[in-house]
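Asker: Please find one structure pasted underneath; my questions will follow.
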Amino acid sequence: MVALGYGKYVRAADIVALIPIEDAERGDGRRTYVYVAGLDAPVVASRSERAILADMGRAPNLGPVPTGAADMHRPGGARRWRRPGGARAAADRRRA
């Protein structure tokens, strides 16, 4: 979620465009037009486009979870639990 100011929040993934409001139209609490997917008119934000973009970069990915949710760290599948010390320590315990 990205804060737009004055209690307005939008999902980062739903933001389509950010357009700064020019000096003639700009007033109290009017800094950026935020175009959101599914809305016909833009939302007026009281934050700058740079601040909103920075929050969008920090927002977690809230997209749908892929089916079969394999761990992305291991190309072969899910991450496996390992004992502290690694495989060598486990082999030493078996020999003893």
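The values are calculated or read from the model by the stated rules, or taken from the named source; none is laboratory data. Note that the structure is predicted; figures quoted are calculated from it, not measured. Side chains included, ligands, DNA and RNA excluded: accessible areas come from the protein's heavy atoms. Shrake-Rupley method; radii C 1.70, N 1.55, O 1.52, S 1.80 Å.
Asker: Considering only residues that are among the aliphatic types (A, V, I, L, M) and open to solvent by 60 Å² or more (accessible area, probe 1.4 Å), look in region 53-63 and name the one that is modelled with the lowest pLDDT. Reasoning before the result, please.
Answerer: Residues of region 53-63 that are among the aliphatic types (A, V, I, L, M), as a first pass: 53-54, 56, 59, 62.
Still in the running and open to solvent by 60 Å² or more (accessible area, probe 1.4 Å): 53, 62.
Working: LEU53: 91, LEU62: 58.
Among them, the one singled out is LEU62.
Asker: For region 1-52, enumerate the residues that are open to solvent by 60 Å² or more (accessible area, probe 1.4 Å) and assigned to a helix (DSSP H, G or I).
Answerer: Correct list: ALA13, ARG50.
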